[in-house]
Amino acid sequence: MIVDGCFLIQLFRKCTDVQPRGSDDPLFNMDCMFHFLCHDLLLLENQLPWFVLETLYSLVLAYSGGPGPSLSILILDAFKHLPSLKHC
């Protein structure tokens, strides 16, 4: 659960440009990989408890030393710009 939570936080930070993406990042360089991943995240059986994500995100913010958007805003921003999966 912790590894999954860390992955999701890092994914959303990269999606919203809070964290820079590497030029070799497979999640954003492979066609539709990020879109399929987000589609999978919306399925009910793939949910993590919110308190796990909040706790991990608060640790990330404390370590980075700067204020950041709330976890809710970070996730909403990531999904806001997600185009339809019809083209994939």
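The values are calculated or read from the model by the stated rules, or taken from the named source; none is laboratory data. What you are looking at is a predicted structure, and each value in this text was computed from that prediction instead of being measured. Don't worry about glycine lacking a Cβ; one is built from the backbone with ideal geometry, like all the others, and counts go over all protein chains shown.
Here are some notes:
- Among the candidates CYS38, CYS6, residue that is in contact (Cβ under 8 Å) with a residue 12 or more places away in the chain and within 14 Å of LEU76 (Cα to Cα): CYS38
- Residues of the stretch 60-69 that are over 14 Å from VAL3 (Cα atoms) and either loosely packed, with under 12 Cβ neighbours inside 10 Å or in contact (Cβ under 8 Å) with a residue 24 or more places away in the chain (or both): ALA62, TYR63, GLY65, GLY66, PRO67, GLY68, PRO69.
- Residue ID - surrounded by the fewest Cβ atoms within 10 Å (Cβ to Cβ), chosen from residues in the stretch 1-56 that are at pLDDT below 75 and under 17 Å from SER70 (Cα atoms): ASP17
- Residue selected from the stretch 70-88 under the condition farther than 20 Å from MET1 by Cβ and polar (S, T, N, Q), by the criterion modelled with the highest pLDDT: SER70
- The one condition in (1) within 11 Å of the chain's Cα centre (by Cα); (2) of a type outside the set (Val, Ile, Thr); (3) at pLDDT 75 or above that LEU59 fails to fulfil: (1)
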